[in-house]
Amino acid sequence: MIQINGLNKSLHGGGHRVDILNDINLTIPTGQFVAITGASGSGKTTLLSLMAGLDAPTDGTILIDEQDITKFNEDELAELRGQRFGFIFQNFHLIPTLTALENVALAAELNSANGSQKKSAELLDAVGLTDRFHHYPAQLSGGEQQRLCLARAFVNEPDIVLADEPTGNLDSKNSKHILGLMIDLHQKKNATVVLVTHESDVAEKAERTLVMGDGKIIEDSMPTAP
């Protein structure tokens, strides 16, 4: 479970304070698929970064299974990210000198996972990259690179997957494919997924939608049961 209490984030510069997040209170149960939407500058990506421990709040707490990660040091945060989180970035962040298989396997090896090669190959098969194991990122299309990121995110069987605009650089066909794969892997692994998106059709696939505006959650909704 992710529990956020009284979360604020401000930046200071030139004698001015800019408030990015304002008193965020949020609970995300284990296994839920949540989409965060809102206009540019509303605080979506900042909130995701704070959940991941990639940034520190001005004040407030973020609890992952009752552990307050805002009190963790960098080594503890790095261990948490390696063991509990999977990340899907809009800009991929793949290592260009490693093949597709090596990019996924490295994520497992850094976490000392057993059978990293076998597990990596199985995930690449699952995302439709069976014939791309030994291709480098530059030899893959944008859609293929994003599928590679998806495999990398799930290789350590994370409890929590954080995705920042994972379909933002893709055409509609690849966008639907990536989202379908993400939902499928989420359901099989029962991972908690928090996805930032500006695309309404992507958000509609989530079990819960949060709308942000001016650094606050202004709407929190779940589909009505049929």
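A short reminder: the numbers here are calculations on the coordinates, not readings from a lab. Since the structure is predicted, the reported quantities are computational estimates derived from the model, not experimental observations. Cβ: placed from backbone, ideal geometry, glycine included. Neighbour counts: every protein chain shown.
Things to note:
- Potential lengthening between SER40 and LYS118 on full extension [0.36 nm per residue; Cα-Cα distance subtracted]: 24.1 nm
- Extended-chain gain in nm, criterion 0.36 nm per residue less alpha-carbon gap, PHE89 and THR58: 8.7 nm
- The GNM of the chain, with springs linking C-alpha atoms under 10 angstrom apart, assigns the highest mean-square fluctuation among GLY13, GLY82, GLY38 to GLY13.
- Among GLU74, GLU102, GLU144, residue whose mean-square fluctuation peaks in a GNM of the chain (springs only between Cα atoms under 10 Å): GLU74
- Given the alternatives [x] 51, 43, 38; [y] 103, 57, 32; [z] 50, 43, 32, Cα extents along the principal axes in Å as computed for this entry is given by [x].
- Counted charge near ILE28, where neighbours are those whose Cβ lies closer than 13 Å (Asp, Glu -1; Lys, Arg +1): -3
- Full-stretch length increase - GLU109, ASN190 - with 0.36 nm per residue and alpha-carbon distance subtracted: 26.9 nm
- Partners for LYS205 among lysines (Cα-Cα distance below 23 Å; same-chain residues under 8 apart left out): LYS44, LYS173, LYS176, LYS188, LYS189, LYS216
- GNM flexibility winner over the chain from ALA153, ALA163, ALA126 (Cα, springs under 10 Å): ALA126
- Residues GLU76, GLU157, GLU204, GLU66, sorted so that the one with the fewest Cβ neighbours within 10 Å comes first: GLU66, GLU204, GLU76, GLU157
- Here is how the number arises for the chain: DSSP H runs of 4 or more residues each give -39500 (n - 2.57), the sum is divided by the residue count, and the result at 222 nm is -10000 deg cm²/dmol.
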